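Okay, so here's the structure we're looking at.
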Amino acid sequence: LYHEIFGITGVPSRILDLGCGLNPASIAFMNILEKKCSYYAYDINVKEKQLLARFFEQAHGLYSSFTGKSNYLNLLEVEKIPTLPSVDVTFLFKVTDILDAGKGHKKTEDIITQLKSPFIVLSFPTKTMSGKKMTAPKRNWVTLLCKRLGYTFEVLEYENEIVYIIGK
């Protein structure tokens, strides 16, 4: 996944991960630990924030050129998005459906347009919680949003996930 994403975006030196959960623990698969890289992880779960802070400390101890910071952020507070750091790539993995809560896609659009990041990576599940295939796993609204805003995008499809890489 990361090899394909970074094949499109280039290998980043600054990553922003919003609604990150424990995704930063997958940095070993990103091939960024031995490069100079800063990873900014934001989530609403304070316990995960604390766990990630310890994880980042250990990663930095093993790879001095890698730094990671975990912080609390409620993505529904869209007014805080402009205060986030400028980065090369932003991850929004499986969070926009929760943000928008079936009420259009205004919250996600507000976040995407305010991010100081040339690439935003959105992902969505292609199966339900029970493991059944979704009837419409593609998110046509992402295509329409990108066309309306003049953004480019590429789509990566996997068995359980569809990924949109948006270029601003």
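The values are calculated or read from the model by the stated rules, or taken from the named source; none is laboratory data. The shown structure was predicted, so the numbers you read here are calculated from the model rather than taken from an experiment. Methodologically, a virtual Cβ is constructed for each residue, glycine included, from the backbone with ideal geometry; neighbour enumeration extends over all protein chains shown. Just the protein is used for accessible areas: all its heavy atoms, side chains included, with ligands, DNA and RNA removed. Shrake-Rupley method; radii C 1.70, N 1.55, O 1.52, S 1.80 Å.
What single numbered condition from (1) open to solvent by 80 Å² or more (accessible area, probe 1.4 Å); (2) modelled with pLDDT of 95 or more fails to hold for Phe29? For Phe29, the exception is condition (2).
When we screen Gly104, Gly68 for residues that are open to solvent by 20 Å² or more (accessible area, probe 1.4 Å), of a type in the set (Gly, Ala, Ser), closer than 23 Å to Phe153 by Cα and more than 14 Å from the chain's Cα centre (by Cα), the only hit is Gly104. Summed over the stretch 126-154, residues that are surrounded by 10 or more Cβ atoms within 10 Å (Cβ to Cβ) and either outside any loop (DSSP other than H, G, I, E, B) or at pLDDT 70 or above (or both) total 17.
Matching residues to (1) part of a strand (DSSP E or B); (2) modelled with pLDDT of 95 or more:
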{"position": "Ile8", "(1), (2)": "no, yes"}
{"position": "Asp17", "(1), (2)": "yes, yes"}
{"position": "Ser38", "(1), (2)": "yes, yes"}
{"position": "Leu75", "(1), (2)": "no, no"}
{"position": "Pro85", "(1), (2)": "no, yes"}
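Selection of first residues in the stretch 59-73 that are over 17 Å from Asp17 (Cα atoms) and of second residues that are assigned to a strand (DSSP E or B) and open to solvent by 40 Å² or more (accessible area, probe 1.4 Å), restricted to Cβ pairs under 7 Å at least 6 apart or on distinct chains, gives the following pairs, ordered by first then second residue: His60/Thr67.
In this structure, Glu34 does not qualify as open to solvent by 10 Å² or more (accessible area, probe 1.4 Å), out of contact with any Asp or Glu (no Cβ under 8 Å at 6 or more places or on another chain), of a type outside the set (Ser, Thr, Tyr) and within 19 Å of Glu161 (Cα to Cα). Would you mind stating whether Leu51 is in contact (Cβ under 8 Å) with a residue 12 or more places away in the chain, over 15 Å from the mean Cα position of the chain (by Cα), outside any helix (DSSP H, G or I) and surrounded by 14 or more Cβ atoms within 10 Å (Cβ to Cβ)? Against the criterion (in contact (Cβ under 8 Å) with a residue 12 or more places away in the chain, over 15 Å from the mean Cα position of the chain (by Cα), outside any helix (DSSP H, G or I) and surrounded by 14 or more Cβ atoms within 10 Å (Cβ to Cβ)), Leu51 does not qualify. Note on the stretch 54-65: residues that are open to solvent by 70 Å² or more (accessible area, probe 1.4 Å), in a helix (DSSP H, G or I) and not aliphatic (A, V, I, L, M) total 4.
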